[in-house]
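Participant: Shown below is the structure under consideration.
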Amino acid sequence: MDISNKMQSKLEFNSKVYQQMMQQLSVIDSFKGNWKVIELQKSKHLKELRKIATIESIGSSTRIEGATLTNTEVEKLLKSVKITKLKTRDEEEVVGYYEVLQIILENYQTINLTESYLHQLHGMLLKHSSKDQRHKGKYKNLSNKVVANYPDGTQRTIFKTTEPHLTQAEMQIVIEWTNERFKKSDTHPLITIAVFIYEFLSVHPYQDGNGRLSRLLTTLLMMQQEYGFIQYVSFENIIETRKDDYYRALMDGQKNRGNKNELIDKWILFFLDCMVTLIQRLEVKYATYSQLEKGLNERQQKIIQLLKKNKKAQIKDIDKALPAYSRNTLKKDIAYLVDEGLILKTGEGRGVTYHAIN
C-alpha cells in the first residue's frame, strides 16, 4: 500500500460522520468568507483581539503540559521579561512559546512544512529551557509517551508513541502526505490539518515539547490555508477547557494504531468542533467590541479621535486639546477606554502615554 492509500484508509467515514463533518466545515468556511471582509476593513479591534488571544494561547498551551502560570502572570512576565533572568521552567516555556508564536504569525507564508523547519521551530520553542538543550531541534533518541498532566500534579499515560528508530521515516510519510494534499486540493484543508496534528502527536517525534509544538503548527497551517481568524481567539484555550475530550479523541484512534481498524473520525469531529467553538467565541468578542464603541459618550469618542489623529498623547496633551472637560473626568474616561481595550497605555508614572489601537 503506497503512502497516500495508507493515510487515506484512516479517513473511511460512515455516512453519518461524513454528514457531521460537512456541516461543521460549512459553518467554518462560511465564517471564513465573512471574516475576510472584516479584516479588509482593518477594524481597530483586531490588534487588541490578537493581543488577548496571544496571552490566552501561551497560558493555556503551557498549562496543558503542566505549567502553572495564570494568564495574568504570563502577561506580566512578557511585559518585563529579561531572558537572562528566567527563574523557572514555567517561565522558560512561556517565553519560548511566545517567541515561536510571534515568528509564525509574522512569517507563516515563508515557513514550509519540512523536517528542517520543524526542527528549527522545535529548537526555538526550547531555546530557553535549560534542561532541554541536548535534544532541542532533534528527533527523539529515547522512547516517550503521551501523558496528560493535571493541575494537582498527577499524570496519566494516554498512549505509547512511535519508537525512536522509526520516527524519521514516519515523519517523512506524514509530511509528504500533508504537502501532497495541500498541493492537489483533493482533501479539505481542515481535514488535512487535523490528520497531520493527529499523526504528529501519535509519532511524538521529539523528546519533549510535542504538545506545545503541535498547537503552534495548528496555527501555522491554519494561517497558511487562509483561516487567519485563528490569530484573534485562542484555539489553545479551547483545548485546555476540553482537555479530557481532547485526550479521549486521540485515544480512540490510537487504540488501533498501525492496523486497518485505525480510524480517526472522532478526532476530526473533535478538531472541527473546536474550530466551530472558536468561531462562536470570536463572533461574541468582536460584537462586544463593536457595541462598546457605539456606546461611547461624546468625550470618549473625542479622546479616541484625538489619539487616531496624533497616534499618541499624554494626559496633559489630552487635557489641553479638550479644555471643556475637567482633567479628572478625562482621566476616568481614559481609564475606561484602556480597560475596554479601545486604547493602549504604555509607560509608568509621568511617562504614561496613550496610543490609538489602529
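The values are calculated or read from the model by the stated rules, or taken from the named source; none is laboratory data. On a predicted model such as this, the values are computed, not experimentally measured, just so you know. Methodologically, a virtual Cβ is constructed for each residue, glycine included, from the backbone with ideal geometry; neighbour enumeration extends over all protein chains shown.
Participant: Scan region 97-144 for residues that are among the hydrophobic types (A, V, I, L, M, F, W, C) and either at pLDDT below 95 or farther than 19 Å from residue 165 by Cβ (or both) and jot them down.
Facilitator: Matches in region 97-144: 100, 101, 103, 104, 105, 111, 113, 121, 124, 125, 126, 142.
Participant: Let me ask something additional. Take residue 142 and tell me if it is surrounded by fewer than 17 Cβ atoms within 10 Å (Cβ to Cβ), at negative phi, among the aliphatic types (A, V, I, L, M) and assigned to a loop (DSSP other than H, G, I, E, B).
Facilitator: yes
Participant: For the condition acidic (Asp, Glu) and surrounded by 17 or more Cβ atoms within 10 Å (Cβ to Cβ), what is the one hit in 91, 106?
Facilitator: 91
Participant: Taking region 151-167 as the region of interest, how many residues are over 20 Å from residue 255 (Cβ atoms) and surrounded by 11 or more Cβ atoms within 10 Å (Cβ to Cβ)?
Facilitator: 2
Participant: Could you tell me whether residue 188 is touching a residue at least 12 places away in the same chain (Cβ under 8 Å), closer than 23 Å to residue 114 by Cα and touching a Leu at 6+ places or on another chain (Cβ under 7 Å)?
Facilitator: Criteria met by residue 188.
Participant: In addition: If you go through region 322-358 one residue at a time, how many are exposed (fewer than 15 other Cβ atoms within 10 Å of the Cβ) and of a type in the set (A, V, I, L, M)?
Facilitator: Residues meeting the conditions: 4.
Participant: Out of everything in region 203-214 that is assigned to a helix (DSSP H, G or I) and closer than 19 Å to residue 155 by Cβ, what residue ends up being farthest from the chain's Cα centre (by Cα)?
Facilitator: 210
Participant: Looking for something part of a helix (DSSP H, G or I), in contact with a strand residue (DSSP E or B) (Cβ under 9 Å, 6 or more places away or on another chain), without any contact (Cβ under 8 Å) to a residue 40 or more places away in the chain and of a type outside the set (Gly, Ala, Ser) - is there at least one such residue anywhere in region 223-245?
Facilitator: yes
Participant: Another question, if that's okay. In region 103-139, how many are free of Cβ contacts under 8 Å to residues at least 40 places away in the same chain, part of a helix (DSSP H, G or I) and within 21 Å of the chain's Cα centre (by Cα)?
Facilitator: Of the residues in that region, 9 qualify.
Participant: Taking the conditions exactly as written (under 30 Å from residue 151 (Cβ atoms), at pLDDT 85 or above, within 21 Å of the chain's Cα centre (by Cα) and not in a helix (DSSP H, G or I)), does residue 78 satisfy them or not?
Facilitator: No, not satisfied.
Participant: So, in region 35-75, exactly how many residues are part of a helix (DSSP H, G or I) and either aliphatic (A, V, I, L, M) or touching a strand residue (DSSP E or B) at 6+ places or on another chain (Cβ under 6 Å) (or both)?
Facilitator: So the answer is 11.
Participant: Filter region 331-344 for residues that are at pLDDT 90 or above and either under 16 Å from residue 317 (Cβ atoms) or in contact with a strand residue (DSSP E or B) (Cβ under 7 Å, 6 or more places away or on another chain) (or both) and give the result.
Facilitator: Residues satisfying the conditions are 331, 333, 334.
Participant: If you don't mind, there's one more thing I want to ask. For residues that are over 34 Å from the mean Cα position of the chain (by Cα) and assigned to a helix (DSSP H, G or I), tally how many sit in region 279-331.
Facilitator: 15
Participant: Same structure again: So, in region 171-216, exactly how many residues are surrounded by fewer than 17 Cβ atoms within 10 Å (Cβ to Cβ) and either among the charged types (D, E, K, R) or within 21 Å of residue 136 (Cα to Cα) (or both)?
Facilitator: Residues in region 171-216 being surrounded by fewer than 17 Cβ atoms within 10 Å (Cβ to Cβ) and either among the charged types (D, E, K, R) or within 21 Å of residue 136 (Cα to Cα) (or both): 6 in total.
Listed here are the residues, each with its yes/no results for (1) closer than 30 Å to residue 244 by Cβ; (2) loosely packed, with under 14 Cβ neighbours inside 10 Å; (3) in the same structural domain as residue 239 (by TED's automatic domain parsing).
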{"residue": "259", "(1), (2), (3)": "yes, yes, yes"}
{"residue": "268", "(1), (2), (3)": "yes, no, yes"}
{"residue": "273", "(1), (2), (3)": "yes, no, yes"}
{"residue": "282", "(1), (2), (3)": "yes, no, yes"}
{"residue": "285", "(1), (2), (3)": "yes, no, yes"}
{"residue": "300", "(1), (2), (3)": "no, no, no"}
{"residue": "306", "(1), (2), (3)": "no, no, no"}
